[in-house]
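Have a look at the structure below, then the notes.
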Amino acid sequence: MKGRIAALLMAALLAFYLVVVGWRAVLFVQSGNPIGIVIGIALLVLPLIGVWALARELMFGVRSERLVHRLDADGGLPVEQFPVRPSGRPERSAADADFPRFQADVEAHPEDWQAWFRLGLAYDAAGDRRRARGAIRTAISLERGRQAD
């Protein structure tokens, strides 16, 4: 729930930023000064890139949350209890010891979105966020492809 509130707050701040910067951009473009026009265009383009990035992250969150609920309903969520650090994150050595099982499952079933999602959770527990997100993105793609069939 805390993550959703943070995401909504960021989206609201981005919307406010877009309105303010968009108005300034229009004023720069209307100035008629060549440098002002370039600044105005840049002020319009850069926030659009931010909107695209935020929308992509929000969609990733929504889709991965949906897969968590599906995996949980199917009884496929791993229930390992790792010792945790004071921050609440699992101890890396314990997560690393359990990792090969999830990797072998993906190697045995490369088209199974559930195996990829569990691998992403294992990467996350091991502290490798980049690979975790990649594996979860693969799971989302596989699951969406299966729905289209």
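The values are calculated or read from the model by the stated rules, or taken from the named source; none is laboratory data. For clarity, every value in this text was computed on a predicted model and none was experimentally measured. Cβ placement follows ideal geometry from the backbone for every residue including glycine, while neighbour counts extend to all protein chains displayed. Note: areas computed on protein heavy atoms with side chains; ligands, DNA, RNA excluded. Shrake-Rupley method; radii C 1.70, N 1.55, O 1.52, S 1.80 Å.
Assorted remarks:
- In terms of its alpha-carbon gyration tensor, the chain comes out prolate; a/c meets the 1.5 threshold, and the first ratio a/b outweighs b/c.
- Relative contact order computed over segment 18-149 (Cα-Cα under 8 Å; 6+ residues apart), in percent: 16
- Extension gain from residue 12 to residue 57, taking 0.36 nm per residue of separation minus the Cα-Cα distance: 14.7 nm
- Between residue 48 and residue 72, the modelled labels are 3.9 nm apart [label points 7 Å from Cα along Cα→Cβ].
- For segment 124-138, the residues whose amide N sits under 15 Å from a probe point set 7 Å from the Cα of residue 89 along the beta carbon direction are 124-133.
- Per residue accessible area of segment 17-149, 1.4 Å probe, in Å²: 64
- Helix 2-30 and the longest principal axis of the Cα set of the chain meet at an angle near 20°.
- Label-point gap, in nm, between residue 130 and residue 5 - each point 7 angstrom along Cα→Cβ: 3.3
- Apportionment of accessible area to carbon and sulfur, the chain, percent (1.4 Å): 65
- Computed magnitude of the charge dipole of the chain (debye, nearest 20; Cβ of K, R +1, Cβ of D, E -1): 640
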